[in-house]
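Note sheet for the following structure.
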Amino acid sequence: MHRVRRIVRAIESLIVAAVIGTVALVSRVIDGTIGLVGHLSDRFDVKLAELAHESKTRHRREGRRQIDPISLE
């Protein structure tokens, strides 16, 4: 009976370790994903700011442009 309890405790310990490891791995994946999304968002903001600056510069230089209602160009 003593051996059975030791085996059950060992199995429980393995299960707990596996659950803790899985949670740690998922946490790292989530942290990595958040970091990646933040980095991509920063790059997008920089590009959008560049496009806005170019648009304002073109607007000052060329004035307001009429949009063709059919092709939207």
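The values are calculated or read from the model by the stated rules, or taken from the named source; none is laboratory data. Just so you know, these numbers come straight off a predicted model, no measurement behind them. Using ideal geometry, Cβ is built from the backbone for each residue, glycine included, and neighbour counts are taken over all protein chains shown. In case anyone asks, the SASA skips ligands and DNA or RNA and just uses the protein heavy atoms, side chains included. Shrake-Rupley method; radii C 1.70, N 1.55, O 1.52, S 1.80 Å.
Annotations
- For P(r) over Cα pairs in 5 Å bins from 0, in percent, the value computed from the atomic coordinates appears in the list (1) 3, 12, 8, 10, 8, 7, 8, 6, 7, 5, 5, 5, 4, 4, 3, 3, 2, 1, 0; (2) 3, 16, 22, 23, 19, 12, 4, 1; (3) 3, 17, 20, 16, 13, 10, 8, 6, 4, 2, 1, 0 under label (1).
- Per residue, the solvent-accessible area of the chain (1.4 Å probe, heavy atoms of protein chains only, all protein chains present) comes to 99 Å².
- Accessible area of the chain belonging to carbon and sulfur atoms, whole % at 1.4 Å probe: 63
- Rounded to whole numbers, the Karplus 3J(HN,Hα) couplings from phi for segment 40-48 are 5, 5, 4, 4, 4, 4, 5, 5, 5 Hz, using 6.51 cos²θ - 1.76 cosθ + 1.60 with θ = phi - 60°, and x at Gly and Pro.
- Label point distance in nm, ILE30-ALA52, each placed 7 Å from Cα along Cα→Cβ: 3.2
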